[in-house]
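All remarks here apply to the structure that follows.
The values are calculated or read from the model by the stated rules, or taken from the named source; none is laboratory data. Quick caveat: nothing in here was measured; it's all calculated off a predicted structure. With ideal geometry, Cβ positions are generated from the backbone for all residues, glycine too; neighbour counts draw on all protein chains shown.
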């Protein structure tokens, strides 16, 4: 039994049932007092009799109170509850508050003889209607009852569904107690601080070790950050409209400020245009930091594959030179510029490759991703995978096993809990999930397994809402507070990121075999080289070229002789002539 052994040596410690019976009997007797003095003309006896009636009525009300407590359960309330000052706090008029009544009924029905209400944990707030609402409560449990995580999970689900709303639970198995609250310590909206901006390439290389990118804040305002030299790679799970693009753009502003090279695989072709589109006020260059970007919007998604190949070739070059580099410079052989490859909508891209590519072609693309995940960390090449779910069709197990940091945006589904996280952390993730409010934008949870110690952890957090290139604080979908926070972030962080690295793409001098074959078969020429018709093998064989150079003034500008290989240039050989793509206009 969860309640303490009762001392029955006195009246007050007796059970609620005993108190109800005793008080009811005494109260009923007092109500009969006027009959006992009937016929006596003494005013004194008359006054005493009716005073006894009043006392009897009060005792009967107390009897009813204790009988209600008995019905709720002796163990749940504790034997001395009726006599404690806390009892009055739980009243709503003459009855137990409706929220507490519901709480106790759920506890009695589902966990009989296991729980005792912790009066000190019960908390109310003004409900805005002249009454009170329950916002916090807790129970003491039978010794050892909470050591089983399955029991914790059952309790959380039972009370969550039984009480409604979103409750945050805290279990303390060592003290046999648990509490629940609706008062979240997480803010509903948080903007990032002004990230420090590196001034040069050498500073960026030195900053890499130990540098953490911040995903947001935990309860109490604690910043949550991770160092990729330890955690290697990240996978993000989030359904449509969960905020994957918003989250990764917040991260990319940090990576740009820290001097990282960015390679972007944009599955939809429009989520990261602010990072890949040319800026006419800056020599038609994209924002500093972006060295390559490929869209997955085409039929075969070869631009996206081009981004993967670029990162893969950079890793290979570093790997091939690493032996000699280590001989020449044992202390700093791997002081490479850090590189982040972002692969968004990876589930949709895999589905596209399954239908548009041959089996061998799809295997070759996915093999490059597998090698990047397995080997990239040693050469400062890191990958972020973004998907709508955690099915194997979205992310193979060989990928998830190499991404020890998993982040879920929004409230995860049951399948995501089971598939996206390591088994050791699933119980805690499930508990966090039950208390998450899906209506709060930017809310997420992370789960990690330390690659060194094997220790697992999970935590809910509120992600930063950051300015990103191409975004506007005048957007009606953006919270109004952004109009105050974003301009200074843009001025002091985004616009101050220096251009440290050249962009790169492929030397494309000939059409693909597929395009040449189609034209030889009599199909009309397109008037440009269609990059989407290249095979992965053809892209791998292409020479990668630097697109930028130092100008006379020392600033980085596009190389004029590379304009035809530059996706940002109007002279790009793979740019379709304006109006060459047929678009059916449905408007009449």
(message) So if I check each of 288, 330, which one is assigned to a loop (DSSP other than H, G, I, E, B) and at pLDDT 95 or above?
(response) 288
(message) Please verify whether residue 106 is surrounded by 19 or more Cβ atoms within 10 Å (Cβ to Cβ) and modelled with pLDDT of 85 or more, treating the condition exactly as stated.
(response) no
(request) Hey, can you tell me all the residues within segment 277-287 that are surrounded by fewer than 24 Cβ atoms within 10 Å (Cβ to Cβ) and touching a residue at least 40 places away in the same chain (Cβ under 8 Å)? (result) 277, 278, 283, 284, 285, 287
(request) Evaluate the following for residue 571: is it in a loop (DSSP other than H, G, I, E, B), modelled with pLDDT under 95 and either in contact with a helix residue (DSSP H, G or I) (Cβ under 9 Å, 6 or more places away or on another chain) or more than 25 Å from residue 314 (Cβ to Cβ) (or both)? (result) no
(request) Taking residue 487 as the residue in question, decide whether it is touching a helix residue (DSSP H, G or I) at 6+ places or on another chain (Cβ under 8 Å) and farther than 22 Å from residue 186 by Cα. (result) no
(request) Please find, within segment 446-456, the residue that is modelled with the highest pLDDT out of those that are more than 19 Å from residue 243 (Cα to Cα) and part of a strand (DSSP E or B). (result) 448
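Results for (1) surrounded by 12 or more Cβ atoms within 10 Å (Cβ to Cβ); (2) out of contact with any strand residue (DSSP E or B) (no Cβ under 9 Å at 6 or more places or on another chain), shown as yes or no for each residue.
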residue	(1), (2)
447	yes, no
473	yes, yes
481	yes, yes
489	yes, yes
496	yes, yes
511	yes, yes
525	no, yes
528	yes, yes
550	no, no
(message) Pairs needed: first member in segment 96-116, outside the structural domain of residue 165 (by TED's automatic domain parsing); second member anywhere, part of a loop (DSSP other than H, G, I, E, B) and surrounded by 15 or more Cβ atoms within 10 Å (Cβ to Cβ); C-beta distance under 7 Å; at least 6 residues apart or different chains.
(response) none
(request) Answer yes or no as to whether residue 361 is free of Cβ contacts under 8 Å to residues at least 24 places away in the same chain and either out of contact with any strand residue (DSSP E or B) (no Cβ under 8 Å at 6 or more places or on another chain) or closer than 23 Å to residue 544 by Cα (or both). (result) no
(message) Please go through segment 184-203 and give me each residue that is touching a helix residue (DSSP H, G or I) at 6+ places or on another chain (Cβ under 6 Å) and modelled with pLDDT of 95 or more, ordered by number.
(response) 191, 194, 195, 197, 198
(message) Suppose the filter is within 22 Å of residue 264 (Cα to Cα), in a helix (DSSP H, G or I) and touching a strand residue (DSSP E or B) at 6+ places or on another chain (Cβ under 7 Å); does residue 236 pass it?
(response) no
(request) Only residues that are farther than 25 Å from residue 230 by Cα and not in a helix (DSSP H, G or I): list them for segment 346-384, please. (result) 357, 358
(request) Looking only at segment 432-445, decide whether some residue is without any contact (Cβ under 8 Å) to a residue 40 or more places away in the chain, assigned to a loop (DSSP other than H, G, I, E, B) and out of contact with any strand residue (DSSP E or B) (no Cβ under 8 Å at 6 or more places or on another chain). (result) yes
(message) Residues that are in the same structural domain as residue 571 (by TED's automatic domain parsing) and over 30 Å from residue 197 (Cα atoms): list the helices (runs of 4 or more DSSP H) wholly contained in segment 477-555 that include at least 1 such residues.
(response) 513-520, 536-541
(request) Starting from residues that are closer than 17 Å to residue 510 by Cα and crowded, with 17+ Cβ neighbours inside 10 Å, keep the ones in segment 552-572 and report whichever is farthest from the chain's Cα centre (by Cα). (result) 562
(request) Provide a single number: the residues in segment 385-403 that are part of a helix (DSSP H, G or I), over 21 Å from residue 271 (Cβ atoms) and touching a helix residue (DSSP H, G or I) at 6+ places or on another chain (Cβ under 8 Å). (result) 2
(request) Kindly indicate which of 269, 225 is in contact with a strand residue (DSSP E or B) (Cβ under 6 Å, 6 or more places away or on another chain), part of a loop (DSSP other than H, G, I, E, B) and free of Cβ contacts under 8 Å to residues at least 40 places away in the same chain. (result) 269
(message) When the residues of segment 161-190 are narrowed to those that are over 20 Å from the mean Cα position of the chain (by Cα) and outside any strand (DSSP E or B), which ends up surrounded by the fewest Cβ atoms within 10 Å (Cβ to Cβ)?
(response) 174
(request) Kindly indicate whether any position in segment 204-212 is in the same structural domain as residue 494 (by TED's automatic domain parsing) and in contact with a helix residue (DSSP H, G or I) (Cβ under 6 Å, 6 or more places away or on another chain). (result) yes
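Rundown of residues vs (1) more than 24 Å from residue 352 (Cα to Cα); (2) outside the structural domain of residue 215 (by TED's automatic domain parsing); (3) within 23 Å of the chain's Cα centre (by Cα), yes/no style:
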| position | (1), (2), (3) |
| --- | --- |
| 256 | yes, no, yes |
| 261 | yes, no, no |
| 281 | yes, no, no |
| 289 | yes, no, no |
| 296 | no, no, no |
(request) Working carefully through the options 537, 468, find the one that is surrounded by fewer than 17 Cβ atoms within 10 Å (Cβ to Cβ), in contact with a helix residue (DSSP H, G or I) (Cβ under 7 Å, 6 or more places away or on another chain) and touching a residue at least 24 places away in the same chain (Cβ under 8 Å). (result) 537
(message) With the structure loaded, tell me whether residue 558 is under 21 Å from residue 286 (Cβ atoms) and touching a helix residue (DSSP H, G or I) at 6+ places or on another chain (Cβ under 9 Å) or whether it fails that test.
(response) no
